[in-house]
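First the structure, in the form of structure tokens, and then the observations on it.
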Amino acid sequence: MAESVELLTADDTLSFGRTLSVHLRPGDLVLLAGPLGAGKTVLAKGIAEGLGVRGRVSSPTFIIARQHRPGPRGVPMLHVDAYRLGGNLDELDDLDLDSALVESVVVVEWGEETAARLSADHLLIRLTRNPDDSRQAVVEPHGAWATRAWA
Ligand SMILES: Nc1ncnc2c1ncn2[C@@H]1O[C@H](COP(=O)(O)OP(=O)(O)OP(=O)(O)O)[C@@H](O)[C@H]1O
Ligand SMILES: [Mg+2]
């Protein structure tokens, strides 16, 4: 069942990511959907912080995916900005996400179109912007996530 979380500030978005990270393990796919500026990268940063992975999470300009080495928790994270692929999801195949999906937590921005392509088991988070500039996160567990805790 989808659940909605209100995020009043960017710090709330960060700490929501840290909360989500507690439940994540290698092989998990998290899809962050939502329009430009919705807060997807900030959420990915929060997840990375919570996992304690190395390297800064940014909006990649020339790369579409960045592998973050594991920190103390021993869990690496692959951050993919699929928005930059436009409609050409074939490029996703070049990233060899299948093997990344064994050893890393994979976080993909612009998730909805990419979901079916990658794995039926995923946690979809739809971010939207409220008129007062706060954000709403709607969490939709898919596949195996239906019986897993995410917060
Ligand atoms: N809950 C929030 N309330 C207010 N502002 C927020 C919130 N969460 C994030 N922001 C702000 O929204 C802006 C855009 O965030 P971010 O870059 O993460 O969006 P994005 O969805 O990744 O955008 P893009 O589609 O360009 O990749 C940032 O300035 C960030 O600080
Ligand atoms: Mg972004």
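Coordinate-derived values only; no laboratory data. Because the structure is predicted, anything quoted here is derived from the model rather than measured. Note that we place each Cβ from the backbone using ideal geometry, even for glycine, and neighbour counts take in every protein chain shown.
Just one residue in the set Leu8, Leu78 is in contact (Cβ under 8 Å) with a residue 12 or more places away in the chain and surrounded by fewer than 18 Cβ atoms within 10 Å (Cβ to Cβ); that residue is Leu8.
Can you confirm whether Val139 is in contact (Cβ under 8 Å) with a residue 12 or more places away in the chain and assigned to a loop (DSSP other than H, G, I, E, B)? Break it down into steps so the answer makes sense when it comes.
Details: in contact (Cβ under 8 Å) with a residue 12 or more places away in the chain: yes; assigned to a loop (DSSP other than H, G, I, E, B): no.
No: the conditions fail for Val139.
All of (1) without any contact (Cβ under 8 Å) to a residue 24 or more places away in the chain; (2) loosely packed, with under 15 Cβ neighbours inside 10 Å hold for Arg66 with one exception: (2). Cβ-Cβ distances below 8 Å connect the following pairs, each with a first residue in segment 100-128 that is free of Cβ contacts under 8 Å to residues at least 40 places away in the same chain, a second residue that is away from ligand 1 (no atom under 13 Å from the Cβ) and part of a helix (DSSP H, G or I), and a separation of six or more residues or different chains: Arg117/Leu92; Ala120/Gly143.
Please count how many residues of segment 93-124 are assigned to a helix (DSSP H, G or I) and of a type outside the set (A, V, I, L, M).
Initial filter on segment 93-124 (assigned to a helix (DSSP H, G or I)): 93-94, 97-103, 112-118.
Adding the requirement that they be of a type outside the set (A, V, I, L, M) leaves 93-94, 98-99, 103, 112-114, 117.
The number of residues fulfilling the criteria is 9.
Taking first residues from segment 23-48 that are at positive phi and partners that are within 11 Å of ligand 2 (Cβ to nearest atom), the Cβ contacts under 9 Å between residues at least 6 apart in sequence or on separate chains come to Gly34/Lys40; Gly34/Glu109; Gly34/Trp110; Gly34/Leu127; Gly39/Leu32; Gly39/Leu127. Of the residues making up segment 68-115, those that are at positive phi and either within 16 Å of ligand 2 (Cβ to nearest atom) or not charged (D, E, K, R) (or both) are Gly74, Gly86, Trp110.
Can you pull out the strands (runs of 3 or more DSSP E) entirely within segment 1-92 that have at least 1 residues that are within 16 Å of ligand 1 (Cβ to nearest atom) and of a type in the set (Lys, Arg)?
On the way: elements: 3-7, 29-33, 65-68, 77-81.
Of the strands (runs of 3 or more DSSP E) lying wholly inside segment 1-92, those with at least 1 residues that are within 16 Å of ligand 1 (Cβ to nearest atom) and of a type in the set (Lys, Arg) span 65-68.
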